[in-house]
Every structure is written in structure tokens, then in C-alpha cells.
Amino acid sequence: MNLIFTGGGTGGHLVIALSLAETARTRGHRVVFIGSQSGQDHQWFGNSPLFEKAYFLDTTGVVNKKGLGKLGALWKVFNALIRSRALIREFGADAVVSVGGFSAAPAALAAVVSGIPLYIHEQNAITGKLNRLLRSYAKGFFSSYEEGEFHCDYPVNERYFQNARIRQEIKTVIFLGGSQGAKFINDLALEVAPWLKERGIHIIHQCGVKEEERVKAAYHELGIDAEVYGFTTQITELIERSDFAVSRSGASTLWELCAAGVPAFYIPFPHAAADHQFHNAQYILQHNCGWCERQSDGIADKLKEAIMSDIAPKSEALADLIAPSGAEHIIQKIEKSV
């Protein structure tokens, strides 16, 4: 098959495009990427040997624009749609696979206009605006939160499964502030650090580059030997060594922790679009596999209570929520339905 992958803007979308495209290519398919000059698309795939070709079109987000700005953004999408339609014909695409994000709009719409099968992967429990608009036109809509024919296991690095284990007790807690850092989580970590030290619990803290100096200095002042990382490419290894996580609830991180069997205390980013991080975490709570609290004062006591609880049942239950080879199963379903 000839497959076009589209979408991105942020790492959460692009990591899915990467996983699915790698799997498709391994299975002998030709792959091309269509993204945007804006966002992180070019950083990820500008020089990637994965795709035969990668195209970055002049588009921006539409929903966050007003007045003339919105009209300008729509005009860019229209022009990029025309270009995407030409690329679909030129490549002889059998299907277009969208991972969402504003940069998916031109190629996904072009697939619909051209009568080419469109497949959508939705990362979050709340469907994004573009995916919601296009869902009825898609031949397949993959989600890890919905049951049905196109329910899928979230594509996660296989290493998380290979080294998964049931956590019986907490010897190490990891705080995940994300690549940009989450000041609230960083401050919470520093607040509970003395309490963790009293209990002999080691701290791993990924705090974001901008916060690294401040956080390291604070731990030094507290006399606590924490592992602090501004940014790291070794997050898989750090999660493997951890028994409990405190994290935002972006989809990729949530499912990686799930695959590794690490119970987590989720603090959703309060300004996420459509509050999707809160709803992502609710899926874990519905299966009694973790904790979720809104960002607020007094949350430290709730975190301590979670850390003192019996984590083994939650760690064991996480294994039932996700299975390996999610990307391969998605590509297989596309192969059968195209």
C-alpha cells in the first residue's frame, strides 16, 4: 500500500505518526508525510529517513484565531488542501492516516474530497475538533477509550511492556513535568520531598529545562539527593525504575505509565483543550487503576494518602487496559479494510 500520514503540531500527535509509519514501512508499505511549517512537524520529520518524502505546508491553527486572522488561516488551509490533493494523486495514495492536530486538516480534507479512504487515530478521551468534524467521513476511527470494531491499544514503545512489573511497594517516585515543565508539579514535588525522604523514598524528577536550575537548587537547600532532569531521552528507563508517578495526563504519558504497570497520581493540565487531560485520567479511574485530582491547594495531603495506600492491585490492573503491538494492529486493520 501507499500510505500518507498527516497531522502533528505537537509531540503527542507526532509520536503516533512516527509509530504507525515505522510499522507500516516494516510491513512493506510506502509512506509519505504531510504536515505543517508551523509547530514541531519539521523538527520531527524534516530530515527523517523514515518517509520517502515529507511535505510541510504553510498552515496554522484556525480555532485559536479571530476575525481576519481566522479568515487568513482558513485561506491557508484551502491552499494546502489543493496542494495535498495533488500530492495524493502524485503518490498514488491508497489511504490517508490522520493523527489529528491542526496540520492534519489539509491532507485529511483532501482525502475526503478525492474519495481516498481516510483513517483517524484519536489520542484523547475527548475527540478533537478536527477529528470530530471528519469522523463521519472516515473509514476507520481508532480510539483506545471507545469499544467497537476500531478500538485499539495505544501505540506505545514495546520496551515499556518488556520491562513491566507489578509494583508491590514504593521505593522510587517519579515526578513528570513534561518537556516544558509544569511549575505546579515541580512545586508539589518540592513540598512533599522532605516527607518522602523521611520514608526512604527516592525521587526522580523531570522538571523541564526552564525550571531545572531552580528545582536543583531547591533540592540542594533541602539536603535531598534527588535525580533531576530538565530534559531527557531516557524517560523509558526512568519510568522502569519507578514505582509510582505524579504526572499530567497527556495521552502518551498516561498510556506509557499504564504499559509499564506504574500507578499514577494524575494532575490534569487545567487549560488543555476541552479539558481532555481530565477525561483521559477519568478512564484510568473508571478502572480503579490510579488517582486524579484537580490542580489546587491542599493536594499534597491527597498525594501522601495515595502513596501510603496499597498500590499492588492498581499496578496489576493496569496490565488489563493495554496490550503490546498497538501500532501493528492498527496497520493490520487498515490493510484489511482498504
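The values are calculated or read from the model by the stated rules, or taken from the named source; none is laboratory data. The structure displayed is predicted, hence computed values, not measured ones. Positions of Cβ are backbone-derived with ideal geometry, glycine not excepted, and every protein chain shown enters the neighbour counts. Please note that ligands, DNA and RNA were not included when accessible areas were found on the heavy atoms of the full protein model with its side chains. Shrake-Rupley method; radii C 1.70, N 1.55, O 1.52, S 1.80 Å.
What FRET efficiency comes out for the pair Glu316/Trp195, r = Cβ-Cβ distance, R0 = 25 Å, nearest 0.05?
E(calc), rounded to 0.05, equals 0.45.
Can you give the charge dipole size of region 1-134 about its Cα centre, rounded to the nearest 20 debye, using +1 on the beta carbon of Lys and Arg and -1 on the beta carbon of Asp and Glu? Spell out each step's value before the answer.
Details: 13 positive and 7 negative charges, 75 e Å.
Here the size comes out at about 360 debye.
By average Cβ neighbour count within 10 Å, what is the ranking of 41-48, 123-130 from highest down?
Highest mean packing first, the order is 123-130, 41-48.
On a 28 Å Cα-Cα criterion, which of the cross-link pairs Lys129/Lys314; Lys76/Lys183; Lys76/Lys129; Lys76/Lys210 come out too long?
Lys129/Lys314; Lys76/Lys183; Lys76/Lys210
Given +1 on the Cβ of Lys and Arg, -1 on the Cβ of Asp and Glu, and no further charges, what dipole in debye does the chain carry about its Cα centre, rounded to the nearest 20?
1340
Just to be sure I understand: if I project the alpha-carbon convex hull of region 37-133 onto a plane and average over all orientations, what area do I get in nm²?
6.5
Distance between Cα centroids, region 230-294 to region 6-37: provide it in whole Å.
Computed from Cα coordinates, the inter-centre distance equals 23 Å.
Roughly how many Å² is the accessible area per residue of the chain, as a whole number, for a 1.4 Å probe?
45
On a full-extension model of 0.36 nm per residue, what is the gain between Arg89 and Glu293, subtracting their alpha-carbon distance, rounded to one decimal in nm?
68.6 nm
Ranked highest first by the average count of other Cβ atoms within 10 Å around their residues, in what order do 189-201, 84-96 fall?
84-96, 189-201
Mind listing the phi-derived Karplus ³J(HN,Hα) values for region 252-264, rounded to whole Hz, using 6.51, -1.76 and 1.60 with θ = phi - 60°, and x for any glycine or proline?
Going residue by residue, I get 4, 5, 4, 6, 5, 5, 4, 4, 7, x, 9, x, 9 Hz, with x marking Gly and Pro.
For Glu22 and Phe231 in the same chain, what is the full-extension length gain: residue separation times 0.36 nm, less their Cα-Cα distance, in nm? Intermediate results must be reported in sequence, preceding the final value.
Values: separation 209, 0.36 × 209 = 75.24 nm, distance 2.45 nm.
Length gained, Glu22 through Phe231: 72.8 nm.
Suppose only helical runs count, i.e. DSSP H with n ≥ 4. What mean residue ellipticity at 222 nm does that imply for the chain under -39500 (n - 2.57) per run, divided by all residues and rounded to the nearest 500 deg cm²/dmol?
That calculation yields -13000 deg cm²/dmol at 222 nm.
Over the Cα atoms, compute the radius of gyration (one decimal) and Dmax (the largest Cα-Cα distance, rounded to a whole number) for the chain, in Å.
When restricted to Cα atoms, the chain yields Rg and Dmax of 20.9, 64 Å.
How far apart, in nm, are the 7 Å Cα→Cβ label points at Arg135 and Leu222?
Result: 4.2 nm between the two label points.
Quick one: what are the phi-derived ³J(HN,Hα) couplings along region 103-117, Karplus 6.51/-1.76/1.60 with θ = phi - 60°, whole Hz, x for glycine and proline?
In residue order, the calculated couplings are 6, 7, 4, x, 5, 5, 5, 5, 4, 4, 5, 8, x, 8, x Hz.
Below 8 Å between Cα atoms, with a sequence gap of 6+, how large is the relative contact order for the chain in percent?
16
Give me, ordered by chain and number, the residues 5 or more places off Phe56 or on other chains with an amide H under 5 Å from its own placed amide H.
Long-range HN contacts for Phe56: Gly35.
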